[in-house]
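A.B. asks: Provided herewith is a single structure, encoded as structure tokens, for subsequent inquiry.
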Amino acid sequence: MNKTAIAIHGGAGTITRSSLTSTQETAYKAALQEAIELGHKALTQGKSAVEAVALAVGSLEDCPLFNAGRGSVFTKEGKHEMDAAIMCGKTLKAGAVAGVRSIKNPILLARTIMEHSEHVMLSGYGAEEFALNHGIAFAPERYFFDTFRFEQWSQVRDSDTYQLDHSENHDKKFG
Amino acid sequence: TVGAVAVDVHGNVAAATSTGGMTNKRYNRIGDTPVIGSGTYANNLTCAISCTGHGEYFMRAVVAYDVSCLMEYKGYTLQQACEEVVMKKLVALGGEGGLIAVTNAGEIALPFNSEGMYRASKTADQKTFTAIYK
């Protein structure tokens, strides 16, 4: 029996000690802990690596602290457009979505594309239609609303700047 | 952006990544996350990878597949391949960010060239590692 292992990430950037309060840090770490334990438990139960990564990413998509799923940032139009991908190292099959809205867990849609279509990547309205045809859960606009994300967006909304998540002083970024 | 990589009891690896993109993005901009080989990639022969950072650079450098190629064609270890791509090639291009990677033997690498990265890892029955800062 092979040794199991799992790793997860919640984004990278100019995350400095001063930019997080200890309460925020504890919350982030707790969310990471929950997600990795979920994936690890699946592996110890003999489930596949595809199942484990889908569960771990799904858990982080449900957590508003991270820029994915429920915590997705605002676009210029004040919407939430999400991308996701999943790949199996055994079959080299892959599934990906780009620019989808209102999908509760984009990683679930990516996995459904991998396992129930001949395609690799679907995008936009067509991907949402595929999701409807395969019973993937949608969520209303308010599900994706988060005050912190809204304030983050309000700072740059009227400019031509766009901003990576976990970026602190964006004027250092893109003129 | 969030991501996960894993290897199961059969030695099969997998990778998954999901993102809301960039705040205030326009023109249906897409980053590296959904692009197989750039932001997400998995191959039992080499490794599974999920990336996070400034997507445009990860796409131009085809980061995830680049790490896999260095292992497959050059015989690099996972650590060597990650160092080469994240700490040298991406930095030279001006790309900020990192990745998580796992091999079918359960080796894990979590390289990043930014100030911090939310990451965690767990092998077999060892204690969970969780970190934010460098």
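What follows is calculated from the coordinates using simple rules that are stated; it is not laboratory data. If you're wondering where the values come from, they're calculated on a predicted model, not measured in any experiment. Note that each Cβ is placed from the backbone with ideal geometry, even for glycine, and that neighbours are counted across all protein chains shown.
A.B. asks: How large is log10 of I(q)/I(0) for chain A at q = 0.08 Å⁻¹ when the intensity is taken from the Debye formula with one equal scatterer per alpha-carbon?
C.D. replies: Per q value, in the given order, log10 I(q)/I(0) is -0.28.
A.B. asks: Per DSSP helix of 4 or more residues, -39500 (n - 2.57); summed, then divided by the residues of chain A. What does that give at 222 nm, rounded to the nearest 500?
C.D. replies: Values: 5 runs with 67 residues, N = 175.
Helix contribution divided over all residues of chain A: -12000 deg cm²/dmol.
A.B. asks: Report the FRET efficiency, 1/(1 + (r/R0)^6), for A:Phe148 and B:Tyr73, where r is their Cβ-Cβ distance and R0 is 45 Å, rounded to 0.05. Can you show the working numbers first?
C.D. replies: On the way: r = 44 Å, r/R0 = 0.98.
Efficiency, from the Cβ-Cβ distance: 0.55.
A.B. asks: By how many degrees, 0 to 90 and rounded to 10, does the Cα axis of helix B:63-74 deviate from the longest principal axis of chain B?
C.D. replies: Between the helix axis and the principal axis of chain B, the angle is about 40 degrees.
A.B. asks: Nearest 20 debye, what's the magnitude of the dipole of the protein assembly as shown about its Cα centre given +1 on Lys and Arg Cβ and -1 on Asp and Glu Cβ?
C.D. replies: That gives a dipole near 240 debye.
A.B. asks: Tilt of helix A:106-116 relative to the longest C-alpha principal axis of chain A, in degrees (0 to 90, nearest 10)?
C.D. replies: It works out to around 30 degrees.
A.B. asks: If you take each beta carbon of peptide B:52-60 and count the beta carbons of other chains within 10 angstrom, what is the mean?
C.D. replies: The per-residue average across the peptide is 3.
A.B. asks: Where does each of B:22-28, A:92-98 land if you order them by average Cβ count within 10 Å, highest first?
C.D. replies: A:92-98, B:22-28
A.B. asks: Using the crude model of +1 on Lys and Arg Cβ and -1 on Asp and Glu Cβ, and no other charge, please compute the dipole size for the stretch B:62-134 relative to its Cα centre, in debye to 20.
C.D. replies: Once rounded to the nearest 20, the dipole reads 140 debye.
A.B. asks: Also, quick follow-up: Determine, for A:Tyr143, B:Tyr41, the number of other Cβ atoms within 10 Å of each Cβ, and report the residues in order from fewest to most. Kindly include the intermediate steps, with their values, before the conclusion.
C.D. replies: Numbers: A:Tyr143 14, B:Tyr41 32.
In increasing order of surrounding Cβ atoms, one gets A:Tyr143, B:Tyr41.
A.B. asks: A further question follows. Suppose every K and R has +1 on its Cβ and every D and E has -1 on its Cβ; what is the size of the dipole of the stretch A:44-175 about the Cα centre, in Debye to the nearest 20?
C.D. replies: Dipole magnitude for the stretch A:44-175 comes out near 280 debye.
A.B. asks: From other protein chains only, count the Cβ atoms within 10 Å of every residue's Cβ in A:91-103, then give the mean.
C.D. replies: Partner Cβ neighbours, averaged per residue: 4.
A.B. asks: When only alpha-carbon atoms are used, what values of Rg and Dmax, in angstrom, describe the stretch B:73-123?
C.D. replies: Spelled out, the Cα radius of gyration and Dmax of the stretch B:73-123 are 11.5, 33 Å.
A.B. asks: Ok, one more. Filter the GluC sites (Glu not before Pro) in the stretch A:48-150 to those in DSSP coil with at most 12 other Cβ atoms within 10 Å of their Cβ, and list the result.
C.D. replies: Details: sites: A:Glu51, A:Glu61, A:Glu77, A:Glu81, A:Glu115, A:Glu118, A:Glu128, A:Glu129, A:Glu141; in loops: A:Glu77, A:Glu81, A:Glu118.
Answer in residue order: A:Glu77, A:Glu118.
A.B. asks: Which of the pairs A:Lys104/B:Lys74; B:Lys25/B:Lys89; A:Lys41/B:Lys89 have their Cα atoms more than 31 Å apart in this structure?
C.D. replies: On the way: A:Lys104/B:Lys74 41 Å; B:Lys25/B:Lys89 26 Å; A:Lys41/B:Lys89 36 Å.
Check vs 31 Å cut-off fails for A:Lys104/B:Lys74; A:Lys41/B:Lys89.
A.B. asks: Output the relative contact order of the stretch A:1-136, whole-number percent, from Cα pairs under 8 angstrom with separation of 6+ residues.
C.D. replies: Over the stretch A:1-136, the number comes to 16 percent.
A.B. asks: Mind putting together the pair-distance distribution for the stretch A:21-115? All Cα pairs, 5 Å bins, whole percent per bin, short to long.
C.D. replies: In whole percents, the pair-distance histogram is 3, 14, 20, 21, 19, 14, 7, 3, 1.
A.B. asks: Now a separate question. Relative to the first principal axis of the alpha-carbon coordinates of chain A, what is the inclination of helix A:147-156, with its axis defined by its Cα atoms, in degrees from 0 to 90 and to the nearest 10?
C.D. replies: Roughly 60 degrees, rounded to the nearest 10.
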